[in-house]
Amino acid sequence: MMGLRILLAVLLFGFGLASVFADSSTPENVCELKNGTSCEECLKNVTCLWCITTKSCVTYPVRTILPPHALCPLNDARWGLCWMNFQILIITLSVVGAILIIAFLVCLFCCCKCENIGSSRSEAKMQRQANKLRTKQDERRAEMKQRHQEIRQKYGLSGQNPYSRFS
C-alpha cells in the first residue's frame with residue numbers, strides 16, 4: 001500500500017513536471033522522432049506519450065489533461081511507466097481519493113462520538129458528585145433534627161407546637 005502511494009506521488013509529480021516543462025511550440029518534435037522505437041525509449045522523455053495500438057511516440061497534449069481518444073485511447077496510452085495505462089491511473093486515483101474522503105468522515109464521526117462520550121462521562125461524574133453532596137446535606141439535616149429533638153426533650157418542649165393548629 002505504501003509503495004502504491006509512493007508510485008502515485010511520483011506519477012503525479014512527473015505529470016506536473018511534464019505540464020510545466022512541456023512546450024508544444026518547440027521547433028523539433030523530439031517525441032515524434034522516437035516513433036518506431038520501444039515504449040521505454042519513448043518514455044525516457046517526460047513530455048512523450050506512448051500509444052500501444054499505433055506503436056507511436058507523440059508529444060503529450062498538455063492543454064488537455066487526459067489525451068484525447070482520437071490521439072490514443074486511455075486504455076492504450078502510456079506515460080511515465082510502460083506498464084500503467086491512464087485508465088488504471090484514473091481508477092486508482094479515484095479509489096484512493098474515495099478512501100481518503102471516507103477515512104476523513106469516519107474520523108470526524110468518531111471524534112464527535114468520542115466527544116459526546118466524554119461529555120456524558122463528565123455529566124455522570126457531576127451527577128455522582130451532586131448525589132454525594134445531596135446525601136451529605138440530608139445526613140446533616142437529619143443530625144440537626146435529632147439534635148433539636150434532644151434539646152426539646154431536655155427542656156420539656158417535646159409537646160405539640162401550639163401554633164400548628166393556625167397553619
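Applying the Karplus relation 6.51 cos²θ - 1.76 cosθ + 1.60 with θ = phi - 60° to region 85-102 yields 3J(HN,Hα) values of 9, 5, 4, 5, 4, 5, 5, 4, 5, 5, 5, 4, x, 5, 5, 5, 5, 5 Hz, where x marks Gly and Pro. Packing, taken as the mean count of other beta carbons within 10 Å per residue, orders the peptides 30-41, 47-58 from highest to lowest as 47-58, 30-41.
Every number here is computed from the coordinates shown, using simple stated rules; none is lab data. No experiment lies behind these values; they were computed from the predicted model shown. Here Cβ is always computed from backbone atoms with ideal geometry, including for glycine, and neighbour counts include all displayed protein chains.
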